[in-house]
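The values are calculated or read from the model by the stated rules, or taken from the named source; none is laboratory data. A quick note: this is a predicted structure, and the numbers were derived from the prediction, not measured. Glycine gets a Cβ as well: all are built from the backbone with ideal geometry, and neighbour counts include every protein chain shown. The accessibility values were calculated without ligands, DNA or RNA, using every heavy atom of the protein model including side chains. Shrake-Rupley method; radii C 1.70, N 1.55, O 1.52, S 1.80 Å.
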Amino acid sequence: MTKIFRFGVIGCGLMGREFASAAARWLHLADMKARPEIIAVCDTNTVLLDWFRDNVPTVRQFTADYQELLANPEVDAIYCAVPHVLHRQFHIDVLKAGKHLLGEKPFGMDAAQNRAIMAALAEHPDLLVRCSSEMPFFPGAQKVIALAKSGEMGDILEVEAGFLHSSDIDRQKPINWKRMADINGQYGCMGDLGMHVLHVPLRLGWRPQTLHAQLVKKVTERPDGKGGMLPCTTWDNATISARVRTGDQDFPMVLKTWRIAPGESNTWYIRILGMKKSAFFSTKSPRQWQWMDYDGGAQAWSTEDLGYGSLFPAITGKIFEFGFADAIQQMWAAFVDELAGGNANGFACATPAEAQAHHAVLTAALKSGREDAVVSVEYDGATV
């Protein structure tokens, strides 16, 4: 019999509604041992609450006070999708309420807030806690990860990972909270996109030891939507050049979190170049991945159409294409599978330790960018 985990959603915006869509389509997945059911939602925007009233019939509690939702004994787990400035208090309160948690990145507005969340988590080891990061669930990304794990790539020459947007190239785009350092945090684009970029390298054990970051701020003010202008106080783009040293590897790694990337809509990619094998995947070509074998002969990239070969099997035929909504659902399948005692089919959502390690990288990058210096990354004892 399929086990049901009852969820509360705190923050009913874009990603809260994506979760609702993924949960509504749960029958799309095959042979799942458990499923989520959203029974409570919280937001201060009544329009968003009304969207859940109209579209999610399982919801029984609607509130503007997240503490009321946390007090609901029927709620087993929480999806918390609120602005960065609220992460520390909300995540800690979720843990104190004894609820499992999938929280949005960056899991604390800065490293200090993340440490406070980690301290609260240490007091509740019985709870499953994960950080949102859906892009590695694309089949092509899984192929790259599997090849990297295989050890067949030989000496790594370089790794590059990035998340690129272009909408902020429009100077007339109205300002939102992600352009405000007091709400988004000083990381700017790194805080919003960094977990996406670092999830795979950290999962593979590739932690930067030293780095140099170039931080870019091209748009200094934006329309406020009321006829005036407001200052943009966060970084637009960040390019981090890092050095990774493991027991048997020593290589450069480039990480890009760009909100002004001409021609890019929403592109996530990972490229790993090795002496024996290389691999590449980009969401620009969501059904393909590329690899190259080198054994002394010709050097030629091979491209494979993957179709719908998802980590968690689905009813969709293998010949069809995988997309962003599918990646979201696969991430949720991994979380719910862990809740039910599974191993997320071998690829769990981003862990709190990985989120903590990514804060260490972003903190060092912020210091480096401000000082134009190569700095060491201090991991605060985080193990990945």
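Take V200 and decide whether it is out of contact with any Leu (no Cβ under 7 Å at 6 or more places or on another chain), farther than 25 Å from S133 by Cβ and either in a helix (DSSP H, G or I) or of a type outside the set (K, R) (or both). The answer is no for V200. Of all residues in the range 362-384, those that are touching a Lys or Arg at 6+ places or on another chain (Cβ under 8 Å) and either part of a helix (DSSP H, G or I) or surrounded by 15 or more Cβ atoms within 10 Å (Cβ to Cβ) (or both) total 4. Selection of first residues in the range 46-61 that are more than 15 Å from A23 (Cα to Cα) and without any contact (Cβ under 8 Å) to a residue 40 or more places away in the chain and of second residues that are of a type in the set (D, E) and surrounded by 16 or more Cβ atoms within 10 Å (Cβ to Cβ), restricted to Cβ pairs under 6 Å at least 6 apart or on distinct chains, gives the following pairs, ordered by first then second residue: L49/D43. Based on this model, can you work out whether Y66 counts as under 22 Å from the mean Cα position of the chain (by Cα) and of a type in the set (S, T, Y)? It is false that Y66 is under 22 Å from the mean Cα position of the chain (by Cα) and of a type in the set (S, T, Y).
So which of D305, D337, D295 ends up being touching a helix residue (DSSP H, G or I) at 6+ places or on another chain (Cβ under 8 Å) and acidic (D, E)?
Of D305, D337, D295, the one residue that is touching a helix residue (DSSP H, G or I) at 6+ places or on another chain (Cβ under 8 Å) and acidic (D, E) is D337.
Would you check if M153 is at pLDDT 95 or above, open to solvent by less than 10 Å² (accessible area, probe 1.4 Å) and over 15 Å from the mean Cα position of the chain (by Cα)? Yes.
Could you check the range 179-203 and list, in sequence order, the residues that are aliphatic (A, V, I, L, M) and closer than 13 Å to I260 by Cα? Across the range 179-203, the qualifying residues are M190, L193. Residue-level analysis places T220 outside the set of residues that are over 24 Å from D168 (Cα atoms), surrounded by fewer than 17 Cβ atoms within 10 Å (Cβ to Cβ) and among the polar types (S, T, N, Q). For the range 307-325, the set of residues classified as open to solvent by less than 30 Å² (accessible area, probe 1.4 Å) and either in contact with a Cys (Cβ under 8 Å, 6 or more places away or on another chain) or under 13 Å from G140 (Cα atoms) (or both) consists of G307, Y308, S310, F322, G323, listed by residue number.
Taking every residue in the range 337-348 that is open to solvent by 40 Å² or more (accessible area, probe 1.4 Å) and pairing it with any residue that is among the aromatic types (F, W, Y), at least 6 positions away or on another chain, the pairs with Cβ-Cβ distances below 7 Å are N345/F312. If you check P174 against the conditions, is it farther than 22 Å from W268 by Cα, outside the structural domain of G225 (by the TED database) and assigned to a loop (DSSP other than H, G, I, E, B)? No; evaluated as a whole, the condition is false for this residue.
If you go through the range 226-251 and keep only what is in contact (Cβ under 8 Å) with a residue 40 or more places away in the chain and open to solvent by 60 Å² or more (accessible area, probe 1.4 Å), you end up with L230, T233.
Based on this model, can you work out whether S376 counts as in contact with a Ser or Thr (Cβ under 8 Å, 6 or more places away or on another chain), hydroxyl-bearing (S, T, Y) and under 14 Å from T210 (Cβ atoms)? Yes: the conditions hold for S376.
Y294 meets each of the listed conditions (1) under 30 Å from D326 (Cβ atoms); (2) among the hydroxyl-bearing types (S, T, Y); (3) open to solvent by 20 Å² or more (accessible area, probe 1.4 Å) apart from (1). Among the residues in the range 203-225, are any hydroxyl-bearing (S, T, Y), in contact (Cβ under 8 Å) with a residue 60 or more places away in the chain and closer than 28 Å to M275 by Cβ? Looking through the range 203-225, at least one residue is hydroxyl-bearing (S, T, Y), in contact (Cβ under 8 Å) with a residue 60 or more places away in the chain and closer than 28 Å to M275 by Cβ. Screening E354, E338 for residues that are over 15 Å from A112 (Cα atoms), not assigned by the TED database to the domain that holds T239 and not aliphatic (A, V, I, L, M) leaves exactly one candidate, E338. Filtered by the rule that a residue be buried (at least 21 other Cβ atoms within 10 Å of the Cβ), under 19 Å from K99 (Cα atoms) and not aliphatic (A, V, I, L, M), the range 112-150 gives N114, R130, C131, S132.
Based on this model, can you work out whether Q186 counts as open to solvent by 10 Å² or more (accessible area, probe 1.4 Å), under 22 Å from H359 (Cα atoms), without any contact (Cβ under 8 Å) to a residue 40 or more places away in the chain and within 20 Å of the chain's Cα centre (by Cα)? Spelling it out, it is not the case that Q186 is open to solvent by 10 Å² or more (accessible area, probe 1.4 Å), under 22 Å from H359 (Cα atoms), without any contact (Cβ under 8 Å) to a residue 40 or more places away in the chain and within 20 Å of the chain's Cα centre (by Cα).
Name the residue, out of W268, W289, W206, that is open to solvent by 10 Å² or more (accessible area, probe 1.4 Å), over 19 Å from R370 (Cβ atoms) and either part of a strand (DSSP E or B) or basic (K, R) (or both).
After ruling out the rest, the residue left standing is W289.
Scanning the range 161-178 for residues that are within 20 Å of the chain's Cα centre (by Cα), open to solvent by 10 Å² or more (accessible area, probe 1.4 Å) and closer than 16 Å to A261 by Cα yields L164, H165, S166, S167.
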